[in-house]
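These notes concern the structure reproduced below.
Each reported figure results from applying straightforward, stated rules to the coordinates on display, with no laboratory input. Quick caveat, the model's predicted, so the values are computed rather than measured. Neighbour counts are summed over all protein chains in view; Cβ atoms, including those assigned to glycine, are modelled from backbone coordinates with ideal geometry.
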Amino acid sequence: MIKLEFAHIEEVRGIRKLDIDFQKRTFAISGPNGSGKSGVIDAIEFGLTGQISRLTGRGTKGLSVSEHGPHVDKTKFPDAAFVELRVFLPGIGKSATITRKVSSPKKPKIVPGDDDVKVALAEVADHPEIALSRREILRFILVEPTKRSDEIQTVLKLDEIGQIRSALNTCQNKLETALQTAAAQVLSSRDALQLHFQISTLRAADLVEAANKRRKLIGLTEIAELTADTKLDAGLSSAAKVAEFNKQSALRDLNALSDEAKGFPDLAKMEAAAIVADLSKLEVDPALFAALQRLSFIERGLDLVDGRECPLCDTAWEDEQHLRDHLKAKLAKSEEARKVQQALLNNGTAVAEAAIRVAAFLESAHKVAEGQGEGGFVRVLTAWKTNLEGLKARLTTVEGLIGLKDRLTVGWLEMPNVFPTGLKGLTEKVSAMPDQTAALDAQTFLTTAQLRLSDYREAMRKNKAAEIACASAKAAYNIYCSVLEDELDTLYEEVQKDFSTFYRVINEDDEAKFTAKLTPTEGCLGLDVNFYGRGLYPPAAYHSEGHQDGMGVCLYLALMKRLFGNRFTFALLDNVVMSVDAGHRYQFCKLLKTQFPDTQFIITTHDRLWVEQMKSAGLVTAKTSIAFHSWTIDTGPLVESNQEIWGEIAAALGKGKVEAAAAALRHHLEYVSRHLADQLGATPQFRVDGNYELGELLPSVLKRMGDLCGRAASAAQSWGNAADKEAATKRRASLAASNAAMSVEQWAVNKGVHYNEWANLGRKDFEPVAAAFKELLACFRCETCESWLHVTPRINPETLRCGCNAISLNLKAKPK
Amino acid sequence: MRLLLPQPTRLKRQGVHMATLQRQIAEKFLAKLAQSREVDAEKIDQLRKLLADQKRRVKAEDFLKIFSLPTGGDLK
């Protein structure tokens, strides 16, 4: 992980140009709503990961980093939008600079380009969860157990584990189906073999005896034992082997097919009816049908994902992970759809097995018909076999079954009308043939026997391989699930323990005995929390929303700790501390300081007081906090006490951007006037909402400063302090002169004018305005320490002074 | 015997520091699978390589290929 040293942000989100020195320390950014705090978080997150969380996830359809990452005025120039971060990598003890442009978020420029630096930054890029916003914290708390499980698994990167489990499950299901098919082939080939040998049980001794009977008849040596290498027709000449037609065997095959055909109308009838019933159920329930269609469609799509382009619709996504997340969300379907799917596939497989059996019978008849030159019947059988082969494939998928409803209703076998007569004719033709000589009968018997034995052996081999594959996949799946469950149990116990500890730290005053229970079940993760010793309840049952927010942050921190361990050195907390009430803020700071002493948190809040409390608690300092006082579309966030304001105004004017310069000046004046009114004790007309306009504040500040300088000069006169008198008089004179300049040019920064008349202002018109205000504000600062002057004490002030005491003007005249 | 996944040596899609949990699960899975004797050593070796390859997501087809490898069953 990293620690952030420095950030330079340009044209990203609401920021035009901003530099922040984070110093590798926990840092607070405060400012009113809409002042640009979250823009800084977005920019840092983008710099580190190439992503902006606020532009992804729920409710962000149509948003993207490429289109909405740049400042709104730079959407057509995404190259201008970039973030440059200087980071320290504690793991390797190196600093590095990463520069990432919105136009190429996946290709950051990293300096130095050392492998270990790239590796460390790649890890950070893979963890967008370093950024936590307020809208996200409740996703851990106030969600259904299934969604909580998903959310937490995503944060902990458990989705890959889930993917492996899912792939293993799919694999074992496919191998199970393959095993069923292989077993059906074994049965068919065994039936054919038994039929040829006319035996009811397949015993090696019976086969050997029957084969030897024929071998002896034609003078071949007898076979002693049926081994894997045994050839029943061994010793027959090649010419003899070609003549494989055996009349008696052929008749048996044809008669067997004829007998089997009697049962064709009822073959797998129940299974076909069950499929039709399920399909009918889908027809009357469009929602279930849609869920089922999506289920298989998206499952297939998810399996095919290989890159950021959707395999289902070719839409290009930001990256592969976003695409996967999208498809997974769509897969969250009803359990009922999945049950229907399983029933359809089970019954489909049963019908497919029946089709395999029929095809095996047809194959035997096909050979006979071919041998007899019955071209017409051969074509009938070929077409039917092809038909059944195609059917078999369609029976094993939901989409295939949906298209088969009519066929399954009227008779899935689709026996050709001419089949019975064709079979009858072929049987009669074979029967009418003269009996083969005993020698030829023996030869063809052996040839056919060997062919069928080979088929049977091949089917057995395939079945055995399928059995082994299936058993291996089942064992692997079961073991993976078992290991996964053990590991997740351990993980959830640790998270639960840390979560409870963190929450107790924040709420030690009233919930010192707080405990929580994470309960993982199939695909779910329940969360119950102890409510003041009265038992475990869901978080939303009794706890206040503020407490629930606290739980969200604590669970997030517990997950981060588990995910990164001692590498958890950086996190962005965007507005997540706002719900911590005043009574628990010190404890919250204590939690971060004590439990995460090596973690740099970048914290944003709109509550200035909160930042002061962070300072009091020692979480941040004046140097590790920054305040935005406002934001405009032209300037971005305006930083309070911005020492660089005049440089920025000059730069804007240098580029001919008068409107930007005018806005910056106005906002600086608004801030300074407010600050000085407070520091000097000015007395503008009181407003209960505290929403003072510049036009109200600045005149009262000027008047107050003039009065104070006058009082200081009088006091110095009374004490005979010529130096102070001169200093006070000089400052008052400067103020009066600048004030005069301002009164002439004030219109330039009048809100009502400059928002509407920017186009009429030229650079030369505005430069004197900026110079006049700079001169004016200099009257309120110490030339040495550059701090703003203030009075002390605030009530009945006695001194007008600066931060370094170079200016310290007595306001109390010598008593007379 | 402790089955260790090869250490990643280059930038990978999921980040080189594969979360320790994933690695722990993969290691324990392979070790338990070896103990179970349901899967032969060759297949376990293939599984190890597959799970260590973080360049792409593991798919059902990958497992199918491995579990369908011949193991020498034959008719006697």
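Computed from the C-beta positions of B:Lys49 and A:Lys339 and an R0 of 41 Å, the FRET efficiency is 0.65 to the nearest 0.05. Across segment A:256-433, Cα pairs under 8 Å and at least six residues apart give a relative contact order of 27 percent.
Considering only alpha-carbon pairs that sit under 8 angstrom and 6 or more positions apart, the relative contact order computed for chain A is 16 percent.
Residues in segment A:217-226 carry Karplus couplings, in order, of 4, 9, x, 8, 5, 6, 8, 7, 8, 8 Hz; the curve used is 6.51 cos²θ - 1.76 cosθ + 1.60 with θ = phi - 60°, and Gly or Pro positions show x. Here the 3J(HN,Hα) profile of segment A:21-27, calculated from phi with Karplus coefficients 6.51, -1.76 and 1.60 at θ = phi - 60°, is 9, 7, 6, 6, 10, 4, 9 Hz, Gly and Pro shown as x. The C-alpha atoms of chain A define a longest principal axis, and helix A:658-680 lies at about 60 degrees to it.
Computed extension gain for A:Asp486 through A:Val72, at 0.36 nm per residue and net of the alpha carbon distance, reaches 144.1 nm. By definition, a body whose alpha carbon gyration tensor gives a ≥ b ≥ c is oblate when a/c is 1.5 or more and a/b is not larger than b/c, and segment A:650-742 fits this oblate description. Mean per-residue shielding of peptide B:21-28 is 6, counting Cβ atoms of other chains within 10 Å of each Cβ.
Stretching A:Ala224 away from A:Lys106 to a fully extended chain increases their span by 35.3 nm, per 0.36 nm per residue minus the current alpha-carbon distance.
Couplings for segment A:349-359, taken from phi via the Karplus curve 6.51 cos²θ - 1.76 cosθ + 1.60 with θ = phi - 60°, read 5, 4, 5, 4, 4, 5, 5, 4, 5, 5, 4 Hz in order; Gly and Pro are left as x. What pairs from A:Lys3/A:Lys590; A:Lys281/A:Lys462; A:Lys262/A:Lys405; A:Lys392/A:Lys464; A:Lys74/A:Lys764 go past 30 Å between their alpha carbons? Too far apart for the 30 Å limit: A:Lys281/A:Lys462. Using R0 = 22 Å, the C-beta based FRET efficiency linking A:Ala432 and A:Asn387 works out to 0.15. What separates the Cα centres of segment A:173-252 and segment A:484-520 is a distance of 68 Å.
Counting neighbouring Cβ atoms within 10 Å and putting the fewest first, the residues A:Trp317, A:Trp631 line up as A:Trp317, A:Trp631.
Segment A:61-98 and segment A:675-735 have Cα centres separated by 45 Å. Here the residues A:Cys779, A:Cys171, ranked from fewest to most Cβ neighbours within 10 Å of their Cβ, fall in the order A:Cys779, A:Cys171. Summarising the label geometry, the points placed 7 Å from Cα in the beta-carbon direction at A:Asp115 and A:Leu304 lie 3.8 nm from one another. The ranking of A:Tyr492, A:Tyr532, A:Tyr586, A:Tyr480 by Cβ neighbour count inside 10 Å, starting from the fewest, reads A:Tyr532, A:Tyr586, A:Tyr492, A:Tyr480.
Set against the 2.2 N^0.38 Å expectation for a compact globular protein, the protein assembly as shown has a Cα radius of gyration ratio of 1.42.
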